[in-house]
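The structure appears below as structure tokens.
Where a number appears in this text, it was derived from the coordinates with a stated rule and is not lab data. What you are looking at is a predicted structure, and each value in this text was computed from that prediction instead of being measured. Note: ideal-geometry Cβ built from the backbone for every residue, glycine included; neighbour counts use all protein chains shown.
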């Protein structure tokens, strides 16, 4: 799952990043509305955590832009502005939830799980390919009743391939989903993650194959 944090308080943003990465999220950070706009245009995100008080304005002004570029993208406002009128403004402007600072990180994760269980997403909570089951909400893969233990970036690769099973996924799309802005990516880094993912899926008898389309990308095939 790839998350964009829009927050100008560096210490708070870094603490959020550490907590999210510990739970295997891929995280990008933006400290202004302008930077967040650029990130939204160039990246593909599963969630945005949005502060309201930013150097170049109210973070709520970003919501129409996010809705235009990424329809259905969950947005949770994280703000010290906790009056009833503030919360109403956030929700009326299109936020999916509004969490008042300071908050417990466990509550934040509960809110994240909740917005990802919206009715529009219920039909695609689990993806079945071969003997593999990918739980979209919890970012977990299993075969039978046995969980397949995967590293964070291996899960991100599998998530993108599973959602587009049977179709070719461009290499660039995979790299955008797996790596954050600040990650140093070598030319063979993605291939290394895919190689390890292939081995683990084979060992688990998942009955799927990650097929390489030379010079283009990869696709997940059902071998059952």
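Descriptive notes on the structure:
- Sorted on the mean count of surrounding Cβ atoms within 10 Å across their residues, most packed first, peptides 154-162, 59-67, 15-23, 198-206 read 154-162, 59-67, 198-206, 15-23.
- Calculated P(r) tail over 19 Å for region 2-119, as whole % of Cα pairs: 39
- Distance from the C-alpha centroid of region 1-62 to that of region 69-148: 15 Å, rounded to the whole angstrom.
- Rounded, prolate or oblate (a/c below 1.5 giving rounded, otherwise prolate when a/b exceeds b/c) for region 125-222 by Cα gyration tensor: prolate
- Most simply put, region 1-149 has about 45% antiparallel DSSP beta bridges, counting only bridges with both residues inside it.
- Radius of gyration over Kirkwood radius for the chain, both on Cα atoms: the Rg/Rh ratio is 0.99.
- Relative exposure of 98, 218, judged by other C-beta atoms within 10 Å (fewest first): 98, 218
- Considering helices alone, the calculated mean residue ellipticity of the chain at 222 nm is -11500 deg cm²/dmol, with DSSP H runs of length four and up weighted by -39500 (n - 2.57) and normalised per residue.
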